[in-house]
Each structure stands twice: as structure tokens, then as C-alpha cells.
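**Q** Here it is: the structure, laid out below.
Please treat every number below as a calculation from the coordinates, not as lab data. On a predicted model such as this, the values are computed, not experimentally measured, just so you know. When we count neighbours, we look across all protein chains shown, and the Cβ atoms used for this are built from the backbone with ideal geometry, even at glycine.
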Amino acid sequence: MKTKKIATKKATAKTAKTKAAKPAKATAKSDGKKLSQIEAALAVLAKAGEPMNCKAMVEAMAKQGLWNSPGGATPDATLYASILRDINTKGKEARFKKVDRGQFALAGRK
């Protein structure tokens, strides 16, 4: 009984390329500098005084000039994920609360 030789690719050790560490970016606060998306959402909800969905928040942010999407396809989905992460990680200390399906309000408001 003859056995066939199977050609296999030998594993080559690759050297890891190291990147130079980037300096940490200063976080933007609401002191006249550019706001982050979630900080702008806080401002929009505070001004509206009522629960909003993420798509409406993104539109209001753009209309008020607080935040514009840097070219992302779904900024409302990104905001939704950020708000849920805030709620799930901070628990009772979260800045947002979910009041209905897809509707968020500031914590402490109905």
C-alpha cells in the first residue's frame, strides 16, 4: 500500500511589528470644545425634556450643531449601543434610562 505525500505549508515565524504608542487624546467636555456623540445626546435630551429615539437624537444633534457624523453609515445604531452600554455598565448611576422600546430619557426624568 502506497501513501501519498501531501504538500503542506510550513509555518513561518512572523516577527511582530511594533507601533509607536500614540499620546492619549484629551477628552472633550462641554466647555466650548467639540462634544462626543453621547455628550451631545445628553444635551439634546436635556433640551427636549421628553424621551426620544436615537435617530431623532442624531438629527437634533446635527440641527443644533452639537455633533455631526464623521461619515459613519449608521450613527443612530452607534448611539443606541453607547447608551445601552452606559445603562448596563453603570446600573443605577447611568445617565440614561430606557423608557420604552427604542426610547431613552435622562435618568431622573420620565
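**Q** Taking the alpha-carbon distance from residue 34 and a cut-off under 18 Å, which aspartates and glutamates remain once sequence neighbours fewer than 8 residues away in the same chain are dropped?
**A** 59
**Q** How do 75-84, 62-71, 96-105 rank on mean C-beta neighbours within 10 Å, highest first?
**A** Working: 75-84: 17.3, 62-71: 12.8, 96-105: 15.1.
The most tightly packed comes first, giving 75-84, 96-105, 62-71.
**Q** Right, here's the next one. Working out 0.36 nm times the residue gap between residue 85 and residue 47, then minus their Cα-Cα distance, what length gain in nm do you get to one decimal? Kindly include the intermediate steps, with their values, before the conclusion.
**A** Values: separation 38, 0.36 × 38 = 13.68 nm, distance 2.25 nm.
Between residue 85 and residue 47, full extension yields 11.4 nm more.
**Q** Residues with amide H under 5 Å of residue 99's amide H, sequence separation 5 or more or different chain, H placed in the peptide plane at 1.01 Å from N; which?
**A** 104, 105
**Q** Using the Karplus curve 6.51 cos²θ - 1.76 cosθ + 1.60 with θ = phi - 60°, work out ³J(HN,Hα) for each residue of the range 61-73 in order, rounded to whole Hz, and write x for Gly and Pro.
**A** Values, residue by residue: 4, 5, 5, 7, x, 7, 7, 10, 5, x, x, x, 6 Hz.
**Q** Going down the list 55/90; 55/98; 63/92, which pairs span over 20 Å between their C-alpha atoms?
**A** The pairs that break the limit, which is 20 Å between Cα atoms, are 55/90; 63/92.
**Q** Relative to the present Cα-Cα distance, how much length would full extension add between residue 64 and residue 101 at 0.36 nm per residue of separation? Please list the in-between numbers first.
**A** Numbers: separation 37, 0.36 × 37 = 13.32 nm, distance 2.51 nm.
The span from residue 64 to residue 101 would gain 10.8 nm if fully extended.
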